[in-house]
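Beneath this line is the structure, given in structure tokens, with notes to follow.
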Amino acid sequence: MTTTPVKPPDLRDFYENPAVPVASGTPRSRRQARMLAEALGPATADGRTRTILDIGCGDGTAAATAAPFLPGHRIVGIDWSQDALRRARTRVPYAVRGELTGGGLPFGSGSADAVLFSEVIEHLVDPDAALDEIRRVLRPGGHLMLSTPNLAAWYNRALLLAGVQPVFSEVSLRAIHGRPGREVVGHLRLYTARALREFVAASGFEVVRLAGAPFHGVPRPLRPLDRLACARPSLASILLLHARRT
């Protein structure tokens, strides 16, 4: 009897699983929104509504958190996961399906004023192509607000010295091995502050600012130290980068 081999699940199947976390922490979303609001200025300044694309919007939590800081601006959520989009549409007025590779985003060149890219780049197979597509849809001088976990976070430095797999890094899509934590979230790439700056600059952007944000998964007794580390982004849990399209 011949049996057809079962195809193992790919990354698309992984992210369509409702059990996979698709929301970023609220503190980092607020910090990112404040940075973008400062960069864009009030919507009434010139009477023009600006379009902000939240690429990889997940369940819409980051966009909904950012909205009060960006009154008068239009925020559009974009994700490839239909399950995530169903949840996002309960939080944001506009949520559409799109992806950074393949056919690209469903927006014209230079049509966006800003892009929110929260906790996405660490999940990508081809981050170079992703930043190329983001640069395409941004107008010249448009803003990129990117956040990603920091490989060189203060506690990861200590874990590596102890021979322990760093937090945020993963060796399997099925289970956690060799590091603290319980959730598998599909991280493929991790960046230090220096690597992120260099990578974004090489992709056709001018880095304006790099800031730090805390991580909600840090044990409660260590959270004051995690917040303190934000003063030095190279040690912070989360990297928040503001860049402009050249």
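The conditions of being farther than 20 Å from residue 29 by Cα, out of contact with any His (no Cβ under 6 Å at 6 or more places or on another chain) and not hydroxyl-bearing (Ser, Thr, Tyr) are not met by residue 74.
Residues of the stretch 140-196 that are of a type in the set (D, E, K, R) and open to solvent by less than 60 Å² (accessible area, probe 1.4 Å): 170, 179. Residue 131: in a helix (DSSP H, G or I) and in contact (Cβ under 8 Å) with a residue 60 or more places away in the chain, yes or no? Criteria met by residue 131. Taking the criterion of being in contact (Cβ under 8 Å) with a residue 24 or more places away in the chain and over 17 Å from the mean Cα position of the chain (by Cα), would at least one residue in the stretch 184-193 satisfy it? The answer is no; no qualifying residue exists.
The values are calculated or read from the model by the stated rules, or taken from the named source; none is laboratory data. Quick caveat, the model's predicted, so the values are computed rather than measured. Backbone-built Cβ (ideal geometry, glycine too); neighbour counts: all protein chains shown. Accessible surface areas use protein heavy atoms only, side chains included; no ligands, DNA or RNA. Shrake-Rupley method; radii C 1.70, N 1.55, O 1.52, S 1.80 Å.
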